[in-house]
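The values are calculated or read from the model by the stated rules, or taken from the named source; none is laboratory data. Quantities reported herein were computed from a predicted structural model and do not represent experimental measurements. Here the Cβ positions follow ideal geometry from the backbone for every residue, glycine too, while neighbour counts run over all protein chains shown.
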Amino acid sequence: MNRRNFIQLAGIAAGLSMTSFSIIARAGEVLPKKGRRVVVVGGGYGGTIVSKYIRMSDPSIEVVMIERNKTFVSCPFSNLVIGGSRDLKDNMITYDNLAAKHGIQVVYDEVTGIDVAAKQVRVGAGTISYDRLVLSPGIDFRFDELEGYDPIETPKYMPHAWKAGEQTLRLRKQLVDMADGGTVVLSVPVTPFRCPPGPYERISQIAWHLKNHKPKSKLIVLDANPDIVSKGPLFRKAWEKHYKGIIEFNAANKVSKVDHKAMSVDTGVEEIKGAVINVVPPQKAGAVAYMAGVVGEDKKWCPVNQVTFESTLVPNVHVIGDACSAGAMPKSGYSANSQAKVCALNVVQLMNGKELIPPSHVNVCYSYVTDKEAISVSAVYKVAEGKTIAVPNSGGVSPDLSELEGVYAHSWIKNILHEMSS
Amino acid sequence: MKPKGIAAAIIGGCFMIHAPAWAESPSQAAMLSNTCAGCHGTNGTSAGPSMPTIAGMPESYLLESMKKFKSGERPSSIMGRLAKAYSDEEIKMVADFFAKHPFGREKQEVDAAKVAIGKQIHDQRCKKCHMDNGRDSEDSGILAGQWKEYLTISMSEFRSGKRKMPEKMAEKVEGEGKLTPEEVEAIIHFYASQQ
């Protein structure tokens, strides 16, 4: 092909793609609106539940849930996959029953833009209009705060596995393949991040694997926080009981630089090499929150009205789950489930011109410290003077590590995943 | 435009057909109770074997249970810690909410021989209070179709003295002809077998 032909072809190709784009633009609505409609973006712990509970509370409201993946993989319980006592398949759900039983219209597509003035979400196939929009986008990462971190290349060598799926399995494989005697390095970012006890459960699960399969190995933890962020005394007790000499825990050690070719991380004071390195990057709200302009002044999380979860920045857009700031509530799966229900009920009230209902939330987080023993933290939350607070003199952590907590945790994951998929 | 209209009408029709039967308007009771579903299942029917189904339980039983969790009289891992956050009035609303929903039953694995022995013991000792094969009761929990694993945990709490048995139950379980662990297991299989 000579140069002129190429240019002509390129011109035709460009012309074609412009034509097809305008066809899409003219086609407009992917699903023409029949009546009042809520569009939900994200099919995780928050998105599935807000969709279902809106339909359960008022079946006259249409719900369209947009999600890019056909299968959801749960982050809660994915640390057990890394430790080797659970199959990742048991963390997966699909959306078929939500559509069949509740009439939720599930659109498998990627959100590419949000026009809050026109109240439209743009997806690959066209646009979807809403009366109210609920975003449950989860998290994205502040990779730019880690010098040397390549968002595509680095996780191939140093999986973060902070979104469950392929990277969970990669980290597991690296731990299995590692020679006995190899060093594992795990770094924890500054709070707030998804699942406050998550890094410490992962430390326990990696240590459990090392104790049973790589007894000459050790795990170096670099935690950017001044101390263990959640359930500190219980995790310390578990590590003392089960993993003495395996875990080297360093608080107030923030990783600022990574080098996936040299397999090392740098705290600014010291460079540490590892055979397996699990850098959990600092986090922010998922990308669609930025498209809707609902991210707050901190440029990380979304400020919301605590009664309705409506953005304080953009009307008719609600944000739930890890991406929003909900006062004292941690960024957890159970929190997202609870926020989704509060949001659903009050969205229905708003759309029906009825009085708002004072929120009531629950959070329960179990963490496994071995394959069977677990610990837990729980709380009830209410809104007082516009702020979400834990109800005083209630909640708290389990008195000890126990297998019974592990038995209850197992039923918890069954129930909460079942709730999201039925 | 015409085909589009028809497609939309079909979608509209689907909404009507698939509107869930238990649709209920938002209320303070639903706001308080929905949060329980994270562990106890949507509207109180559990999908996890160590978490009891609480839907369809007598209101008095749910009220009494929550009060005992709150005071610590009934042992628990999480429930006691959470119960402390609710006022008596709120607990009443939650009890009323779950009492109104139907108790959902899932098929469980049971041993037919154990079910038969359990049925005999039930007829001799339990049926006065746990009526209709454990399906009905004035103030105790519904046992028919309850999860085996939950019932096993409960009975071990009762028998170890961690949880106080009601007087009549103590008489039937620990009194004359005290039940063996095998007999307790058989009764659990019997109740779990009820659909």
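If we keep just the residues of the stretch B:29-69 that are within 7 Å of chain A (Cβ to nearest Cβ) and hydroxyl-bearing (Ser, Thr, Tyr), which is nearest to the chain's Cα centre (by Cα)? Here the residue is B:Ser46. The residues in the stretch A:345-361 that are of a type in the set (Gly, Ala, Ser) and either out of contact with any Asp or Glu (no Cβ under 9 Å at 6 or more places or on another chain) or at pLDDT below 95 (or both) can be counted, and the count is 1. Scoring B:Met57 on the criteria (1) farther than 25 Å from A:Gln339 by Cα; (2) in contact with a Lys or Arg (Cβ under 9 Å, 6 or more places away or on another chain); (3) touching a residue at least 24 places away in the same chain (Cβ under 8 Å) leaves a single failure, condition (2). Counting only strands (runs of 3 or more DSSP E) that sit wholly inside the stretch A:110-212, those with at least 3 residues that are more than 29 Å from A:Ala224 (Cα to Cα) are A:111-115, A:120-123, A:126-129, A:132-135. A:Ala224 satisfies every condition listed in (1) over 18 Å from A:Arg170 (Cα atoms); (2) more than 23 Å from the chain's Cα centre (by Cα) except (2). Based on what the data block shows, is B:Arg105 closer than 23 Å to A:Ala336 by Cβ, basic (Lys, Arg) and either in contact (Cβ under 8 Å) with a residue 40 or more places away in the chain or within 14 Å of chain A (Cβ to nearest Cβ) (or both)? The answer is no for B:Arg105. Taken together, A:Asn79, A:Asn97 contain a single residue that is part of a helix (DSSP H, G or I), of a type outside the set (A, V, I, L, M) and under 17 Å from the mean Cα position of the chain (by Cα), which is A:Asn79. Residues in the stretch A:354-363 that are touching a residue at least 12 places away in the same chain (Cβ under 8 Å), surrounded by fewer than 22 Cβ atoms within 10 Å (Cβ to Cβ) and more than 8 Å from chain B (Cβ to nearest Cβ): A:Leu356 alone. Answer yes or no as to whether B:Ala99 is in a helix (DSSP H, G or I), touching a Pro at 6+ places or on another chain (Cβ under 8 Å), more than 13 Å from every other protein chain (Cβ to nearest Cβ) and closer than 30 Å to A:Asn393 by Cα. Judged against the criteria, B:Ala99 is a match. Quick check: is even one residue across the stretch B:3-25 within 26 Å of A:Lys382 (Cβ to Cβ), in a loop (DSSP other than H, G, I, E, B), within 8 Å of another protein chain (Cβ to nearest Cβ) and at pLDDT 95 or above? No, because not a single residue in the stretch B:3-25 is within 26 Å of A:Lys382 (Cβ to Cβ), in a loop (DSSP other than H, G, I, E, B), within 8 Å of another protein chain (Cβ to nearest Cβ) and at pLDDT 95 or above.
When B:Asp96 is tested against (1) of a type in the set (Asp, Glu); (2) out of contact with any helix residue (DSSP H, G or I) (no Cβ under 7 Å at 6 or more places or on another chain); (3) modelled with pLDDT of 95 or more; (4) not assigned by TED's automatic domain parsing to the domain that holds B:Pro181, just one condition goes unmet, and that condition is (2). Total residues in the stretch B:70-89 satisfying the condition of being part of a helix (DSSP H, G or I) and either surrounded by fewer than 19 Cβ atoms within 10 Å (Cβ to Cβ) or under 19 Å from the mean Cα position of the chain (by Cα) (or both): the figure is 8.
Evaluate the stretch A:212-231: report whether one residue or more is touching a His at 6+ places or on another chain (Cβ under 7 Å), surrounded by 15 or more Cβ atoms within 10 Å (Cβ to Cβ) and not β-branched (Val, Ile, Thr). No; the residues of the stretch A:212-231 include none that is touching a His at 6+ places or on another chain (Cβ under 7 Å), surrounded by 15 or more Cβ atoms within 10 Å (Cβ to Cβ) and not β-branched (Val, Ile, Thr).
Residue by residue, here is whether (1) facing chain B (nearest Cβ under 8 Å); (2) under 22 Å from B:Ile153 (Cα atoms); (3) in contact (Cβ under 8 Å) with a residue 40 or more places away in the chain holds:
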| site | (1), (2), (3) |
| --- | --- |
| A:Val347 | no, no, yes |
| A:Asn352 | no, no, yes |
| A:Cys365 | no, yes, yes |
| A:Asp371 | no, yes, yes |
| A:Ile375 | no, yes, yes |
| A:Ser398 | yes, yes, yes |
| A:Ser411 | yes, yes, no |
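Being acidic (Asp, Glu) and buried (at least 19 other Cβ atoms within 10 Å of the Cβ) is true of B:Glu149. Among the candidates A:Lys387, A:Lys372, A:Lys331, the residue that is at pLDDT 95 or above and in the same structural domain as A:Asp87 (by TED's automatic domain parsing) is uniquely A:Lys331.
The selection criterion, being touching a residue at least 24 places away in the same chain (Cβ under 8 Å), surrounded by 20 or more Cβ atoms within 10 Å (Cβ to Cβ) and of a type in the set (Asp, Glu), does not hold for A:Glu403. Entry remark, the stretch B:169-195: residues being among the β-branched types (Val, Ile, Thr) and loosely packed, with under 12 Cβ neighbours inside 10 Å number 1 in total. Residues of the stretch A:313-342 that are within 14 Å of chain B (Cβ to nearest Cβ), over 12 Å from the mean Cα position of the chain (by Cα) and hydroxyl-bearing (Ser, Thr, Tyr): A:Ser338 alone.
Across the stretch B:106-134, the qualifying residues are those that are under 14 Å from the mean Cα position of the chain (by Cα) and at pLDDT 95 or above, and the one among them that is surrounded by the most Cβ atoms within 10 Å (Cβ to Cβ) is B:Gly134.
Looking at B:Lys67, is it farther than 27 Å from A:Tyr334 by Cα and not in a strand (DSSP E or B)? So B:Lys67 fails the test.
Kindly establish whether A:Val41 is touching a residue at least 40 places away in the same chain (Cβ under 8 Å) and over 17 Å from the mean Cα position of the chain (by Cα). No. Out of the stretch A:347-376, which residues are out of contact with any helix residue (DSSP H, G or I) (no Cβ under 9 Å at 6 or more places or on another chain) and either more than 23 Å from A:Lys52 (Cα to Cα) or not in a helix (DSSP H, G or I) (or both)? Listed by number, the residues that qualify are A:Asn352, A:Gly353.
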